[in-house]
Amino acid sequence: MIKRQRGTEDILPEESALWRHIEDTVHKTCRNFGYGEIRTPVFEATELFQRGVGDTTDVVQKEMYTFEDKGGRSITLRPEGTAAVARSFVEHSLFSNPQPTKLYYMMSFYRYEKPQAGRLREFHQFGVECFGAGTPATDAEVISLAYTLLKNLGVTGLTLNINSIGCPKCRSEYSKALTEYFSSNKDKLCDTCKERLNKNPMRIIDCKSEICKQVAAGAPKMLDYLCDECREHFEKLKKQLEIMGIEYEVNPKIVRGLDYYTKTVFEFIADIDGAKSTVCGGGRYDGLIEEIGGKPTVGIGFGMGIERLILQLKTQNSALNSISAAPEVFVAAIGEDAENFAQKLVFELRKSGVSAERDLTGRSLKAQMKYADKLSASYSIVLGDNEINSGEAVIKNMRDGSQNKIALSAQNIADIIHGGENYGN
């Protein structure tokens, strides 16, 4: 038997209902914040990620799915969203529109890494990108969007961690201090970080190796090296968050894992039974557009892994496990005339906006009702010759067992189901 590839998952119907719940919440929240949806190709020129993400990152060095196409071009399956959205922003001259340009996406991404819970080789991510506005208020709005979405989805135990990693001007001095510090501890670093030492020492702070983490714990802090402009930006961001009532913690260890970040970086951490899990991360990337060939344009955004978010939600909210595509009404039928009537009635109900089901396999009435129960139908209706002749039938609330006789019309049934949560009580 041919099986799915390691690091990939099939999203089955009982699971996809929760995915749709998340997607619907994303769409509504982003609309409220004035963001429009963008979708980019699954594969891009490899150079885009080498230049945009950074050739010293784990993503570029170890994790990308890169291949040569039949035209001899180096192609990479998108490992992240920001560089691809930035490329689209430049290519389609979105900078010529009134700024800022506010975009969001929900797409699949691909990284070759060790599969584990919430971390796959094919994974899905929700993210936003805001181009053309460099004020601290923009940073605060983007962070508040992530905060609002997580709250709307019911994620609890959230902590917002923020930091500033400065601009190229102040980061130059910081880089010198880091190089000096890590050089004195070079023999303790992993091989990858030894290479990073001469290229981008800040990446060492983000290393996943426990030994490198211990070394990095004593490294100089970027906040001590901020220039006046970056320090003022960070202080204004904190004030904006306080105005909105969004609590935060300053965490100098956050640098994020991609080279395009500048100034503000942030993460939302969720606490489950004492275990910390990052559910969202992002920051400002004022040099990215220029790096990939566009005119200097500021930007900020974040990414949120859907698979990891679902694990979080299921752990914190057991009610989400019961989200399903259950029909609102199941129409059972006895006899050929009733079968034909049920076929028409279910069709009319669906046209009226009611989720309706009926038996398609020739089950007995008893088996049909068991099937309706297994589908978790909210209501059921049984049709036989008497019901068809009288034009009336009994509708049963499958949750509380209450029953009422109703006229057999699709619109009447729809009104009861959509307007009568307490119908029959």
Restricting the range 334-383 to residues that are closer than 22 Å to residue 418 by Cβ and among the β-branched types (Val, Ile, Thr), the residue that is nearest to the chain's Cα centre (by Cα): 354
Scope the range 178-193; condition buried (at least 16 other Cβ atoms within 10 Å of the Cβ), free of Cβ contacts under 8 Å to residues at least 24 places away in the same chain and more than 23 Å from residue 262 (Cβ to Cβ); matching residues: 190
In the range 78-101, residue farthest from the chain's Cα centre (by Cα) [restricted to those that are charged (D, E, K, R) and farther than 14 Å from residue 294 by Cα]: 78
Checking residue 214 against (1) surrounded by 20 or more Cβ atoms within 10 Å (Cβ to Cβ); (2) more than 25 Å from the chain's Cα centre (by Cα); (3) of a type in the set (S, T, N, Q), the condition it does not meet: (1)
Filter result (out of contact with any strand residue (DSSP E or B) (no Cβ under 8 Å at 6 or more places or on another chain) and acidic (Asp, Glu)) within the range 1-36: 10, 14, 15, 24
Selection within the range 246-283 - in a strand (DSSP E or B), of a type in the set (Asp, Glu) and modelled with pLDDT of 90 or more: 249, 267
Enumeration of residues in the range 209-223 that are under 20 Å from residue 261 (Cα atoms) and either in contact with a Pro (Cβ under 7 Å, 6 or more places away or on another chain) or free of Cβ contacts under 8 Å to residues at least 12 places away in the same chain (or both): 221, 222, 223
Helices (runs of 4 or more DSSP H) within the range 122-234 that include 1 or more residues small (Gly, Ala, Ser) and in the same structural domain as residue 244 (by TED's automatic domain parsing): 136-153
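Could we say that residue 133 is within 21 Å of residue 294 (Cβ to Cβ), modelled with pLDDT under 95 and in contact with a Gly (Cβ under 9 Å, 6 or more places away or on another chain) here?
no
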Single condition residue 389 does not satisfy, out of (1) on the phi < 0 side of the Ramachandran plot; (2) surrounded by 11 or more Cβ atoms within 10 Å (Cβ to Cβ): (2)
Residues of the range 33-54 that turn out to be without any contact (Cβ under 8 Å) to a residue 40 or more places away in the chain and in contact with a helix residue (DSSP H, G or I) (Cβ under 8 Å, 6 or more places away or on another chain), as a count: 2
The listed residue being in contact (Cβ under 8 Å) with a residue 60 or more places away in the chain and part of a loop (DSSP other than H, G, I, E, B), out of 353, 362: 353
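Is it fair to say residue 396 is of a type in the set (Lys, Arg) and either in contact (Cβ under 8 Å) with a residue 40 or more places away in the chain or loosely packed, with under 13 Cβ neighbours inside 10 Å (or both)?
no
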Count of residues meeting criterion [at pLDDT below 95 and either in contact with a helix residue (DSSP H, G or I) (Cβ under 8 Å, 6 or more places away or on another chain) or within 16 Å of residue 100 (Cα to Cα) (or both)] in the range 136-160: 7
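Is it fair to say residue 11 is crowded, with 16+ Cβ neighbours inside 10 Å and under 20 Å from residue 109 (Cβ atoms)?
Answer is no for this residue.
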Count of residues meeting criterion [without any contact (Cβ under 8 Å) to a residue 24 or more places away in the chain and crowded, with 16+ Cβ neighbours inside 10 Å] in the range 16-32: 0
The range 384-401, residues that are within 43 Å of the chain's Cα centre (by Cα), part of a strand (DSSP E or B) and among the hydrophobic types (A, V, I, L, M, F, W, C): 395
Cβ-Cβ under 8 Å pairs, at least 6 apart or on other chains, the range 406-419 side more than 14 Å from residue 391 (Cβ to Cβ), far side of a type in the set (A, V, I, L, M) and modelled with pLDDT of 90 or more: 414/349; 414/354; 416/395; 416/406; 417/329; 417/354; 418/354
Among (1) farther than 30 Å from residue 149 by Cα; (2) surrounded by 13 or more Cβ atoms within 10 Å (Cβ to Cβ) - the single one residue 405 does not satisfy: (2)
Residue within the range 399-410 that is polar (S, T, N, Q) and closer than 26 Å to residue 13 by Cα present: no
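The values are calculated or read from the model by the stated rules, or taken from the named source; none is laboratory data. All of these numbers come straight from a predicted model, not from anything done at the bench. FYI the Cβ positions are ideal-geometry reconstructions off the backbone, even for glycines, and counts take in every protein chain you see.
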